[in-house]
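Presented below is the structure to which this report refers.
The values are calculated or read from the model by the stated rules, or taken from the named source; none is laboratory data. Since this is a predicted model, take the numbers as computed values, not measurements. Glycine also receives a Cβ, built like all others from the backbone with ideal geometry; neighbour counts cover every protein chain displayed. Heads up: the accessible areas ignore ligands, DNA and RNA and are worked out on the full protein's heavy atoms, side chains in. Shrake-Rupley method; radii C 1.70, N 1.55, O 1.52, S 1.80 Å.
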Amino acid sequence: MSNKMIKGIRHLIFWIVILAVWQLLAWVYGPEILPGPIYTAAGGYELLQDGTLVSYIGISSYRVLLGWTLGSLLAIPAGLIIGKVNAIRTIAEPFLNFIRFIPPIAFITLFLVWFGIGETSKVALILYATFFIVVLNTLTGVLSVEEDKIRSARSMGASEWQTVLHVIIPATVPYMFTGVRLAMGTSFMAIIGAEMIASNEGVGYLIWNSRLFFRTDWIFVGLICLGLMGFLTDRAVALLGRKLLSRYGVVSTHSVRR
């Protein structure tokens, strides 16, 4: 029996045990408190039939991907500039280390006042959640570049722009990629908070609104969908990173063998 097959059997046994424990606890506490796997699946099928679940997943995914992409595109060059220019870093670094401790959900009310209750406030919140994580990781990457590599490039006649393009950026790519992956998780947390407070659509709205009908099965459906959305998105990003950025030392966690 191959190692791959053994690993697959282990995964299958693990999930069977999880489902069995879940069902056992559901029998103990009752479906109103803890719906079992079958009860939850029935609730999910109910939401699928009227198209609600697919629509909400699409809306939340769109918001997350848009805000996360915009935040990453803005954060990477900002991190490079802050890391490369000492004068800017002296001013920006204390601010970054101050504001990164303020969670995105704390800004929901302000963003609603500034941008309204439409899509802009939600995308801006995710952009905020993404920006500082990617900036700090990119900044760390720039500062970690060995000085000998920069001096070697300069000694061979490279300009500052060429040094940044051919030395600093390639060495910083793994840090950028790590920041982008970490920011994805924060983006999902931000959008759920925003949808719970100020939205009529989305997975966060589904979870929050289900309490009014005492539909704990719908809440579990929303939680499972969130987990699957995050898992699949992270795996897709990891796969792209491994395929496109492997020459810069980027590897996905599941590709590492010990």
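Here are the numbers for the structure shown:
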read-out	value
Portion, in percent, of the accessible area of the range 129-251 that falls on carbon or sulfur, probe 1.4 Å	65
Within a Gaussian network of the chain (alpha carbon springs, distance under 10 Å), most fluctuating of A78, A92, A190	A92
Separation between Cα centres of the range 1-77 and the range 128-150, rounded to whole Å	33
Candidate residues H166, H11: accessible-area rank, largest first, probe 1.4 Å	H166, H11
Gaussian network model of the chain, springs between alpha carbon atoms under 10 Å - residue of W27, W68, W218 with greatest fluctuation	W27
Among 113-121, 151-159, the order from most to least packed when residues are scored by Cβ within 10 Å on average	113-121, 151-159
Folded to 0 to 90 degrees: helix 169-197 orientation relative to the chain principal axis, Cα	30
The chain: most fluctuating residue of F107, F132, F177 per GNM, C-alpha cutoff 10 Å	F107
Count of lysine pairs in the chain with Cα separation under 30 Å (8 or more residues apart, or interchain)	5
Whole-percent carbon and sulfur share, accessible surface of the range 1-120, 1.4 Å	75
Cα Rg over Rh - the chain, Kirkwood	1.07
The range 4-132, relative contact order [Cα under 8 Å, separation at least 6], %	25
Distance from the range 210-240 to the range 169-190 (C-alpha centre basis), Å	21
Surface per residue (accessible, 1.4 Å probe) for the chain, Å²	59
Charge dipole (debye, nearest 20) of the chain; +1 at Cβ of Lys and Arg, -1 at Cβ of Asp and Glu	1020
Value of relative contact order over the chain, rounded to a whole percent, pairs C-alpha under 8 Å and six or more apart	23
CD proxy at 222 nm, helix term only [per DSSP H run n ≥ 4: -39500 (n - 2.57); per residue of the chain; nearest 500]	-26000 deg cm²/dmol
The range 109-176: C-alpha gyration tensor shape, a/c 1.5 cut-off, then a/b vs b/c	prolate
